[in-house]
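*Asks:* So that we are looking at the same thing, I have put the structure below in structure tokens.
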Amino acid sequence: VQLQASGGGLVQPGGSLRLSCAASGSIFNIGAMGWYRQAPGKQRELVAAVTSGGSTNYADSVKGRFTISRDNAKNTVYLQMGSLKHEDTAVYYCNLRWGPASVYTSWGQGTQVTVSS
């Protein structure tokens with residue numbers, strides 16, 4: 001199973017970016033999909049997640065600015081990020097749970113998001 005994340009880059013404060021993460025390989029019964037981030041010197045934290053049924057949850061710091069969505073036909077999860085702030089700078093990792101009872105967890109390779117003027 002491989003997760004390919006893309007869409008990171010350099011953006012000015014107030015700008016927007018859209019991250020994508022596509023899963024491939026022998027994957028089945030995908031459950032929750034999510035995005036985490038890790039800033040230098042900090043622990044990895046959950047940014048947003050979406051269940052197989054479409055329910056979402058967000059970190060308080062991104063509520064109202066970020067939107068997570070998924071395309072089950074493409075095994076892809078997206079993170080639309082808006083009103084970006086300096087503190088959103090981090091490496092963003094996609095994550096998904098799959099298999100019977102979501103027993104397996106897979107991580108993407110990480111994509112850098114830098115918010116700077």
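The values are calculated or read from the model by the stated rules, or taken from the named source; none is laboratory data. Every value quoted in this text rests on a predicted model; they were computed, and no experiment measured them. Every residue, glycine among them, receives a Cβ derived from its backbone with ideal geometry; neighbour counts consider all protein chains shown. All accessible areas refer to the heavy atoms of the entire protein, side chains included, with ligands and DNA or RNA removed. Shrake-Rupley method; radii C 1.70, N 1.55, O 1.52, S 1.80 Å.
*Asks:* Computing the accessible area with a 1.4 Å probe over protein heavy atoms, can you report the carbon and sulfur percentage for segment 28-117?
*Replies:* Here it works out to 47 percent.
*Asks:* Taking the alpha-carbon set of the chain, what are its Rg and Dmax in Å?
*Replies:* Cα radius of gyration and Dmax of the chain are 13.6, 46 Å respectively.
*Asks:* Still on this structure: Tell me the Rg and the Dmax, in Å, that the Cα atoms of segment 42-83 produce.
*Replies:* According to the Cα coordinates of segment 42-83, Rg and Dmax are 11.0, 34 Å.
*Asks:* Moving to a separate point now. How high is the FRET efficiency between GLN109 and LYS63 when r is their beta carbon distance and R₀ equals 22 Å, given to the nearest 0.05?
*Replies:* 0.25
*Asks:* Give the residue list of chymotrypsin sites (Phe, Trp or Tyr not before Pro) in segment 14-117 that are DSSP loop and have at most 11 other beta-carbon atoms within 10 angstrom.
*Replies:* Passing sites in segment 14-117 are PHE28.
*Asks:* From Cα pairs below 8 angstrom and at least 6 apart in sequence, can you work out the relative contact order of the chain, rounded to a whole percent?
*Replies:* 37 percent.
*Asks:* Here is a further query. How much accessible area per residue does the chain have, counting only protein heavy atoms and a probe of 1.4 Å, in square angstrom?
*Replies:* Per-residue accessible area for the chain comes out at 52 Å².
*Asks:* I would also like to ask the following. If a paramagnetic tag sat 7 Å from the Cα of SER26 along the Cα-Cβ line, which residues of segment 92-106 would have the backbone N under 20 Å from that point?
*Replies:* Those under the cut-off are 96-106.
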